[in-house]
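Engineer: Below you will find the structure I want to go over with you.
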Amino acid sequence: MNKKERVMATFAGLEPDRMPTGFWMHFPKEYYYGDAAVKKHLEYFEKTQTDICKVMTEYMYPCDHRIKAAADWQTVQSYNRDADFIRGQADIIKRIADIGVDGSLAATIHGVVASASHTLLGFANYDGIGRYAQLFHLRTNPEAVSSAYRRIADTLCVLAQEAVHAGAEGIYYAALGGEGDGFTDEEHARYIGPLDRQVIEAAYAAGAKYVILHICKPKVRLTRFTDYRADAVNWGVEESGVPLSEGRRLFPDKVLLGGLNHHEGCLFQDNYDILEKEVHALIDQAGKKKLIVGSDCTLPGTMPYERIASVAKACASYSG
């Protein structure tokens, strides 16, 4: 099998010739956009041998306003396909697709809550004020904030469509807001879940062959996401304390992506034997079907490419 065949066989519930891998990282700022981004992605895909070739996005939802009070969320705009941040992302995807990659090309979509954090601050800081300001504002003026969420979701639908039309086979949807110490179950079900699902459905309607649901951050309540339509699920096993075996019970029909710690452990040791042993144990635990070996979340940019490539080698040596 080639990489694309391996990925699609896994999504089809078949046993591939070896477990596919999926790893990604944020590149330095000089590689965020344009030619530099295209070249860096292609270099990364080639040297890491990852089967899923995920295009990172450093374009954030525009912050063309100042949000100082809950009512200011009414100034958040929706955008069409001609918006610079949509066109910029689609262009990178199209250029990579036109050149061609050995694996399956996927596009990153920052979800509704992450995009709301970006438009609130103008930069990524969800773990700080980006999270707590949203909670406070939503609870003091739910209509202003939820209407902004709806406009953000409408824009993300356009972005997902443009990403697929540009050549992405799959969509990696990064969902925030599932943390148990943030939004309540009721708030998530009312204000966030329906909009996340709206964007995911737009991706499928545009022709996406698969959607990977990434559930980010510690203390996440995975039960909030069990009714999301997706082909694969990725979450922080270490951060959440939910092992792959429990994830298999919660998402019985979905591919599990991940299993390796993105903060410490075998990926951070220059010892192939240890890494191979842990990868084999991971496959033993999760099974040889509906599994893509990856990390809990984005790897640090300092991770050696050859270390990532060694995971594919370890998958190939599995004989259990």
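The values are calculated or read from the model by the stated rules, or taken from the named source; none is laboratory data. Worth saying up front: this structure is predicted, and the values here are computed from it rather than measured. Note that we place each Cβ from the backbone using ideal geometry, even for glycine, and neighbour counts take in every protein chain shown. Accessible surface areas use protein heavy atoms only, side chains included; no ligands, DNA or RNA. Shrake-Rupley method; radii C 1.70, N 1.55, O 1.52, S 1.80 Å.
Engineer: Note the angle between two axes, namely the Cα long axis of helix 193-206 and the longest principal axis of the Cα atoms of the chain, as a number of degrees from 0 to 90, rounded to the nearest 10.
Structural biologist: So the inclination is approximately 60 degrees.
Engineer: What residue among ILE67, ILE308, ILE274 has the largest mean-square fluctuation in a Gaussian network model of the chain, using Cα springs under 10 Å?
Structural biologist: So, out of ILE67, ILE308, ILE274, the one fluctuating most is ILE274.
Engineer: Hey, which lysines would be in cross-link range of LYS290, C-alpha to C-alpha under 18 Å, not counting anything within fewer than 8 residues on its own chain?
Structural biologist: LYS3, LYS4, LYS209, LYS254
Engineer: Report the label-to-label distance for ASP273 and LYS68 in nanometres (one decimal), using points 7 Å from each Cα along the Cα→Cβ vector.
Structural biologist: My value for the distance between the label points is 6.4 nm.
Engineer: Give, in nm to one decimal, the length gained when the segment between ARG190 and LYS313 is fully stretched (0.36 nm per residue of separation minus the Cα-Cα distance). Please list the in-between numbers first.
Structural biologist: Numbers: separation 123, 0.36 × 123 = 44.28 nm, distance 4.44 nm.
Taking ARG190 through LYS313 to full extension adds about 39.8 nm, to one decimal.
Engineer: Next question, about the same structure. What accessible area per residue comes out for the chain, rounded to a whole number of Å², with a 1.4 Å probe? Don't skip to the end; give the middle numbers.
Structural biologist: Details: 13060 Å² over 320 residues.
Each residue of the chain exposes 41 Å² on average to a 1.4 Å probe.
Engineer: OK, next. How high is the FRET efficiency from LYS288 to LYS40, r the C-beta distance, R0 30 Å, rounded to 0.05?
Structural biologist: Numbers: r = 33 Å, r/R0 = 1.09.
Calculated transfer efficiency: 0.35.
Engineer: So, in nm, how far is label ALA205 from label SER245 when the simple model puts each one 7 Å beyond its Cα toward the Cβ?
Structural biologist: The answer from the label model is 4.2 nm.
Engineer: If you don't mind, another one. Taking the Cβ of VAL237 as the centre, find all other residues whose Cβ is under 10 Å away and add up their charges (Lys, Arg: +1; Asp, Glu: -1).
Structural biologist: Numbers: positive: none; negative: GLU238, GLU239, GLU246, ASP296.
Once positives and negatives cancel, what remains is -4.
Engineer: Taking the highest mean first, how do the peptides 213-225, 32-44 order by number of other beta carbon atoms within 10 angstrom per residue? Don't skip to the end; give the middle numbers.
Structural biologist: On the way: 213-225: 19.5, 32-44: 16.5.
Peptide ranking by packing, descending: 213-225, 32-44.
Engineer: Computed over the Cα atoms, what is the radius of gyration of the chain divided by 2.2 N^0.38 Å, N being its residue count?
Structural biologist: Values: Rg = 18.9 Å, N = 320, 2.2 N^0.38 = 19.7 Å.
Cα Rg divided by the expected 2.2 N^0.38 Å: 0.96.
Engineer: Evaluate the charge dipole of segment 176-279 about its Cα centre and quote only its size in Debye, nearest 20, assuming +1 on the Cβ of each Lys and Arg and -1 on the Cβ of each Asp and Glu.
Structural biologist: Working: 12 positive and 18 negative charges, 90 e Å.
My answer is approximately 440 debye.
Engineer: Say the dipole of segment 169-295 comes from +1 at the beta carbon of Lys and Arg and -1 at that of Asp and Glu; which of LEU260, GLY236, ALA175 then lies farthest toward its positive end?
Structural biologist: The Cα lying farthest towards the positive end belongs to ALA175.
Engineer: Given H placed 1.01 Å from N in the peptide plane, which residues other than close sequence neighbours of VAL255 have an amide H under 5 Å from its amide H?
Structural biologist: Long-range HN contacts for VAL255: ALA232, VAL233.
Engineer: Among 118-124, 20-26, how do they line up from the highest to the lowest mean number of other beta-carbon atoms within 10 Å? Please report the intermediate quantities before stating the final value.
Structural biologist: Values: 118-124: 18.4, 20-26: 23.9.
In decreasing order of mean packing, 118-124, 20-26 become 20-26, 118-124.
Engineer: Taking H as built 1.01 Å from N, whose amide H comes closer than 5 Å to the amide H of CYS53, not counting residues under 5 places away?
Structural biologist: Excluding prolines and chain starts, which carry no amide H, the hits are SER104, LEU105, ALA106.
Engineer: Report the charge-dipole magnitude of the chain in Debye, nearest 20, computed about the Cα centre from +1 at each Lys and Arg Cβ and -1 at each Asp and Glu Cβ.
Structural biologist: The calculated dipole for the chain is roughly 380 debye.
Engineer: With a 1.4 Å probe and every protein chain kept in, tell me what percent of the accessible surface of the chain is carbon plus sulfur. Please list the in-between numbers first.
Structural biologist: Details: 6400 of 13060 Å².
Roughly 49 percent of what the probe reaches on the chain is carbon or sulfur.
Engineer: Post the alpha-carbon centroid distance, segment 81-147 to segment 227-273, in whole angstrom.
Structural biologist: Between the Cα centre of segment 81-147 and that of segment 227-273, the gap is 23 Å.
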